[in-house]
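Written below as structure tokens is the structure these notes are about.
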Amino acid sequence: MRFTDLIIKKRDGHALTTEEINFWIKSYVQDEVPDYQVSALLMAIVFRGMNERETSDLTLAMMHSGDVIDLSDIEGIKVDKHSTGGVGDKTSMALMPMVAACGAKAAKMSGRGLGHTGGTLDKLESIEGFNCYLGKEDFIRQVNDIGLAIIGQTGNLVPADKKLYALRDVTGTVDSVPLIASSIMSKKLAAGSDAIMLDVKYGSGAFMKTKEDAVLLAKEMIKIGRALGRDVRAMITDMDMPLGRAIGNALEVKEAIATLKGKGPKDFTHLCMEGGTRMLIQAKIAVNEEEAREKLKEVIRNGAAFEKFKAMVRAQHGNTEQIDHPELLPKADTVTEMPCPEDGYIYRMDALGLGRLAMEIGAGRETKDDVIDPAAGIVLNFRKGDRVSQGETLARIHHNRPLTKAWRERFMGCIEICGSKPEEEPLIYKILQEASE
Ligand code: URA
């Protein structure tokens with residue numbers, strides 16, 4: 001087989017065979033095809049797309065490019081969640097303990113942040129001593145013992161995605177439904193859970209800019225998972241503005257802790273409750289949404305969800321004093337208040353812009369080698385639709401680096417204020433239980 005023939009075939013709009021896709025992934029992982037040829041094929045896929053069979057073949061080829069984790073030593077249904085990434089997205093840190101406190105086995109492998117989006121591992125590592133890297137046996141033991149673990153990818157999980165994602169990142173080939181679906185699902189399937197709740201985001205801070213594209217991506221991923229016998233469902237959620245109030249690692253841990261205690265922001269709490277409701281049904285812990293919601297409310301009320309998070313931090317060698325007293329989490333030297341320039345309503349809060357600004361003061365990394373400042377970030381005081389008055393504090397910036405004039409101007413450019421109240425957009429556009437919905 002000649003790799004050039006695959007590129008030409010796809011360039012001309014034809015479907016690749018299963019053998020051709022297997023050949024691509026195997027030879028690329030073994031360094032037998034140069035990046036420039038794979039880039040050309042990726043770009044052809046961006047323009048020409050892939051059919052369902054090709055997307056499923058690509059997912060399987062990637063999934064089998066490395067280890068596939070067997071979680072059958074964990075009793076019961078194992079549940080996982082995955083977000084396509086956004087700004088202020090601390091959902092895993094609240095949602096996973098909530099469902100675990102209700103009795104689900106919550107086993108999650110998370111990633112790091114890159115660009116304007118944050119990563120759960122970076123957030124958890126703002127807790128002193130927290131160890132994200134458990135071996136497979138310890139991961140399984142912890143989920144069996146306390147029902148919850150959130151770790152970084154162990155061993156040699158989907159090496160094909162590591163190489164391909166790095167290449168896509170620098171060749172303008174990230175935005176493609178089959179490429180994103182196969183990248184995410186190969187990792188989720190290799191990580192071994194039985195039931196997966198996807199949070200597919202759309203809007204300025206997300207990969208998918210429109211609801212319609214997010215639904216397309218979600219359906220593709222549900223189909224791939226269902227074909228392999230996994231219970232995959234998806235929430236389609238708004239990422240035009242940041243989720244919750246906090247953007248930045250330690251600040252988001254604090255917000256997740258507040259949410260576990262029933263004192264979180266309304267939008268973020270709603271997302272966790274709705275995702276958790278479906279996950280409890282997936283885990284067969286509740287028979288309907290009403291029962292699931294009651295169980296989730298109860299674990300917040302009685303402190304079990306917070307205790308579950310603390311148990312995970314303890315098991316992964318984190319400092320639980322910081323969980324009991326979040327004021328002990330890393331703190332920035334300076335907190336600068338950003339005043340509101342005029343009276344009116346918050347019309348827009350640009351998630352992408354705010355994510356980038358947070359990254360520039362150290363909350364994220366522009367390149368893989370950048371070092372995160374766990375204390376840095378932004379806490380917004382208002383949400384879209386809120387009434388504001390001139391001089392009120394719009395946000396607090398937590399920083400150890402100086403804020404330049406240009407940074408402040410760009411910050412103000414991210415927040416649009418207008419004279420009339422904007423229409424309210426629901427945070428959750430849809431929850432898909434089936435690809436055919
Ligand atoms: N997240 C992934 O893991 N892969 C993609 O391609 C996009 C988002």
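Going residue by residue through the range 353-367, is there one that turns out to be open to solvent by 50 Å² or more (accessible area, probe 1.4 Å) and under 19 Å from Met241 (Cα atoms)?
To start, the set of residues in the range 353-367 that are open to solvent by 50 Å² or more (accessible area, probe 1.4 Å) comprises 356, 360, 366-367.
Still in the running and under 19 Å from Met241 (Cα atoms): 356, 360.
Scanning the range 353-367 turns up at least one residue that is open to solvent by 50 Å² or more (accessible area, probe 1.4 Å) and under 19 Å from Met241 (Cα atoms).
For the range 166-187, which positions are β-branched (Val, Ile, Thr) and assigned to a loop (DSSP other than H, G, I, E, B)? Break it down stepwise before answering.
Taking the range 166-187 as the starting set, the residues that turn out to be β-branched (Val, Ile, Thr) are 170-171, 173-174, 177, 180, 184.
Result: Thr173, Val174.
Of note, Lys81 does not satisfy the criterion of being buried (at least 24 other Cβ atoms within 10 Å of the Cβ), away from the ligand (no atom under 16 Å from the Cβ) and of a type outside the set (A, V, I, L, M). Of the residues screened, Val158 is one that is at positive phi, touching a residue at least 24 places away in the same chain (Cβ under 8 Å) and not charged (D, E, K, R).
Of all residues in the range 85-112 being in a loop (DSSP other than H, G, I, E, B) and open to solvent by less than 10 Å² (accessible area, probe 1.4 Å), which is nearest to the ligand (Cβ to nearest atom)? It comes out as Gly86.
Only one entry in Lys163, Lys123, Lys201 is away from the ligand (no atom under 12 Å from the Cβ), at pLDDT 95 or above and not in a loop (DSSP other than H, G, I, E, B), namely Lys123.
Scanning the range 166-195 for residues that are away from the ligand (no atom under 13 Å from the Cβ) and crowded, with 24+ Cβ neighbours inside 10 Å turns up just one, Ser193. Of all residues in the range 216-268, exactly one satisfies the criterion of being of a type in the set (D, E, K, R), under 17 Å from the mean Cα position of the chain (by Cα) and under 11 Å from Leu198 (Cβ atoms), namely Arg233. Screening Ala258, Ala234, Ala305 for residues that are at pLDDT 95 or above, over 27 Å from Ala358 (Cα atoms) and part of a helix (DSSP H, G or I) leaves exactly one candidate, Ala305.
Looking at this structure, is Glu416 loosely packed, with under 14 Cβ neighbours inside 10 Å and out of contact with any Leu (no Cβ under 9 Å at 6 or more places or on another chain)?
So Glu416 fails the test.
The values are calculated or read from the model by the stated rules, or taken from the named source; none is laboratory data. Given the structure is predicted, the values throughout are model-derived calculations rather than measurements. Counting neighbours? That spans all protein chains shown, and the Cβs are built from the backbone with ideal geometry, glycine included. Just so you know, the surface numbers come from the protein's heavy atoms only, side chains and all, with ligands and any DNA or RNA stripped out. Shrake-Rupley method; radii C 1.70, N 1.55, O 1.52, S 1.80 Å.
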